[in-house]
Amino acid sequence: MSESNPAGATGRANILLTGGAGYLGSHTYVALWQAGFQPVILDDFSNSDPATLKRLQQITGTPTRCERGSVADTGLVAELIKLQRIQAVMHFAGFKAVGESVAQPLKYYRNNLGGMLSLLQAMGDSACQTLVFSSSATVYGDPSQLPITEDCPRSHTSPYGHTKLICEDMIAAVQQASGAWRTAVLRYFNPVGAHPSGLIGEAPLGTPNNLLPLVAQVAAGLRPALKVYGQDFATPDGTGVRDYIHVQDLAQGHVAALAALLRGQASFTVNLGTGRGHSVLEVVRAFELASGRPVPWQFAPRRSGDVASCYADPGLAEHLLGWRAERTLAQMCADTWRWQAGLLT
Ligand SMILES: NC(=O)c1ccc[n+]([C@@H]2O[C@H](COP(=O)([O-])OP(=O)(O)OC[C@H]3O[C@@H](n4cnc5c(N)ncnc54)[C@H](O)[C@@H]3O)[C@@H](O)[C@H]2O)c1
């Protein structure tokens with residue numbers, strides 16, 4: 001056991017993962033386990049399947065530790081922190097669908113802000129004040145420069161983005177009030193891919209919000225064609241360019257951020273991206289190659305609010321954490337396809 005990983009009852013440091021049964025939380029669960037930590041999930045399964053817990057057990061070879069409940073239940077969170085001797089928290093729990101947040105803003109403000117408020121209260125009351133937070137590149141709004149550095153101005157284009165921005169501000173405020181907090185705000189770019197086992201991945205309920213699950217469903221024959229929104233952006237092929245990052249790289253980024261906080265690194269905010277953008281049509285071609293299936297597509301008008309290009313400058317994360325995304329677009333597509341194909345059987 002390293003010094004940065006003080007032992008809990010199992011000989012591993014206990015780390016609470018709110019929303020740990022979801023897409024990003026489940027992959028981070030595995031990465032934490034492999035790095036010598038004991039992850040403990042708190043999830044209300046509002047957007048995940050309890051079957052994920054068995055799959056995590058299959059991957060790690062040990063029973064998955066999970067409490068069913070809401071992060072908005074301050075008493076429950078405080079009790080969990082105490083009983084499980086939690087040393088740090090990773091806060092994934094929240095709603096994430098941009099379009100839905102426009103249609104149902106109060107649902108988003110209630111869950112994302114109420115959850116954060118409750119968690120910060122429970123952590124402060126329990127003197128467990130090491131936190132890794134799932135923020136998003138959405139806090140850059142319509143980016144003013146590329147690549148995007150952490151000091152770019154923040155803004156928002158949806159209630160979802162607004163909740164991320166306010167959560168960042170809530171974290172900054174508690175820190176200002178007490179020097180006991182150690183926090184890592186991680187601004188994700190576009191997480192895609194799945195665990196190479198094919199056992200866990202992104203399983204969106206209803207229509208997916210993101211490109212890769214849609215492409216995968218078209219390749220699987222579950223949808224007739226992909227709509228490519230916009231063909232005249234100022235990009236090499238006219239379609240939107242985004243910074244896709246493999247979920248396994250993202251999970252490693254969480255482990256690196258946690259390790260940095262536990263060894264005394266001051267609080268920080270970093271981008272987690274690759275620094276490289278890929279257009280929609282590049283993704284389609286890469287997916288066809290990885291899956292061996294055609295992905296029919298057709299152009300559709302631009303959606304309001306969509307920007308031409310968005311990609312990170314990941315230099316600060318590399319400098320502070322010694323972390324860098326390694327996996328290629330081909331791997332992202334191959335792992336997504338393995339997961340998607342498994343869903344069909
Ligand atoms: N996936 C992305 O593209 C992306 C990009 C940027 C930021 N994020 C953020 O990362 C976090 C995780 O995203 P994800 O893709 O894993 O989403 P997800 O929906 O797969 O996982 C979120 C999990 O939180 C749970 N949850 C929701 N509200 C809860 C509550 N009140 N109490 C307990 N559990 C609750 C859900 O059941 C789900 O298991 C979210 O905060 C999201 O906003 C995601």
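The combined condition, being outside any loop (DSSP other than H, G, I, E, B), crowded, with 18+ Cβ neighbours inside 10 Å, away from the ligand (no atom under 12 Å from the Cβ) and of a type in the set (Val, Ile, Thr), is fulfilled by residue 215. Across the range 126-171, the number of residues qualifying as β-branched (Val, Ile, Thr) and surrounded by fewer than 20 Cβ atoms within 10 Å (Cβ to Cβ) comes to 3.
Among residues belonging to the range 284-313 that are among the hydroxyl-bearing types (Ser, Thr, Tyr) and in a loop (DSSP other than H, G, I, E, B), point out the one that is least open to solvent (accessible area, probe 1.4 Å). That would be 311. Filtered by the rule that a residue be in contact with a helix residue (DSSP H, G or I) (Cβ under 8 Å, 6 or more places away or on another chain) and open to solvent by less than 10 Å² (accessible area, probe 1.4 Å), the range 249-263 gives 250, 251, 253, 254, 257, 258, 260.
One line per residue, one yes/no per condition, for (1) under 22 Å from residue 137 (Cα atoms); (2) surrounded by fewer than 22 Cβ atoms within 10 Å (Cβ to Cβ); (3) within 20 Å of the chain's Cα centre (by Cα):
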residue: 234; (1), (2), (3): yes, yes, no
residue: 247; (1), (2), (3): yes, no, yes
residue: 265; (1), (2), (3): no, yes, no
residue: 279; (1), (2), (3): yes, yes, no
residue: 282; (1), (2), (3): yes, yes, no
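Restricting to the range 120-163, and then to whatever is of a type in the set (D, E, K, R) and away from the ligand (no atom under 16 Å from the Cβ), can you tell me which residue is nearest to residue 306 (Cα to Cα)? Looking at residues that are of a type in the set (D, E, K, R) and away from the ligand (no atom under 16 Å from the Cβ), I get 142. Within the range 58-82, track down each residue that is near the ligand (Cβ under 10 Å from one of its atoms) and open to solvent by 50 Å² or more (accessible area, probe 1.4 Å). Within the range 58-82, 67, 68, 72, 73 meet the criteria. The numbered conditions (1) in contact (Cβ under 8 Å) with a residue 40 or more places away in the chain; (2) open to solvent by 60 Å² or more (accessible area, probe 1.4 Å); (3) in contact with a strand residue (DSSP E or B) (Cβ under 8 Å, 6 or more places away or on another chain); (4) of a type outside the set (Phe, Trp, Tyr) are all true for residue 55 except (3). The sole residue among 274, 239 that is at pLDDT 95 or above, more than 25 Å from residue 24 (Cα to Cα) and among the polar types (S, T, N, Q) is 239.
Among residues of the range 156-177 that are of a type in the set (Val, Ile, Thr), those with a Cβ under 9 angstrom from a residue that is part of a helix (DSSP H, G or I) and open to solvent by 50 Å² or more (accessible area, probe 1.4 Å), sequence gap 6+ or separate chain, pair up as 157/98; 163/109; 166/109. What is the one condition in (1) in contact with a strand residue (DSSP E or B) (Cβ under 6 Å, 6 or more places away or on another chain); (2) among the β-branched types (Val, Ile, Thr); (3) open to solvent by 30 Å² or more (accessible area, probe 1.4 Å) that residue 40 does not satisfy? In the conditions (1) in contact with a strand residue (DSSP E or B) (Cβ under 6 Å, 6 or more places away or on another chain); (2) among the β-branched types (Val, Ile, Thr); (3) open to solvent by 30 Å² or more (accessible area, probe 1.4 Å), residue 40 misses (3) alone. Note on the range 83-119: among residues that are open to solvent by 60 Å² or more (accessible area, probe 1.4 Å) and near the ligand (Cβ under 10 Å from one of its atoms), the one that is farthest from the chain's Cα centre (by Cα) is 110.
Got a sec? Which of 210, 190 is surrounded by 16 or more Cβ atoms within 10 Å (Cβ to Cβ), at pLDDT below 95, within 15 Å of the ligand (Cβ to nearest atom) and within 15 Å of the chain's Cα centre (by Cα)? After applying the criteria, what remains is 210. Counting only strands (runs of 3 or more DSSP E) that sit wholly inside the range 12-94, those with at least 2 residues that are under 21 Å from residue 163 (Cβ atoms) are 14-18, 38-43, 86-91. When the range 22-37 is filtered for residues that are away from the ligand (no atom under 14 Å from the Cβ) and either open to solvent by less than 10 Å² (accessible area, probe 1.4 Å) or not aliphatic (A, V, I, L, M) (or both), the ones remaining, listed by number, are 32, 33, 34, 36, 37.
Checking 147, 153 one by one, the residue that is over 19 Å from the mean Cα position of the chain (by Cα), at pLDDT 95 or above and within 24 Å of residue 256 (Cβ to Cβ) is 147 and no other.
The values are calculated or read from the model by the stated rules, or taken from the named source; none is laboratory data. This one's a predicted model, so the numbers in the text were calculated from it and none came from an experiment. Here Cβ is always computed from backbone atoms with ideal geometry, including for glycine, and neighbour counts include all displayed protein chains. In case anyone asks, the SASA skips ligands and DNA or RNA and just uses the protein heavy atoms, side chains included. Shrake-Rupley method; radii C 1.70, N 1.55, O 1.52, S 1.80 Å.
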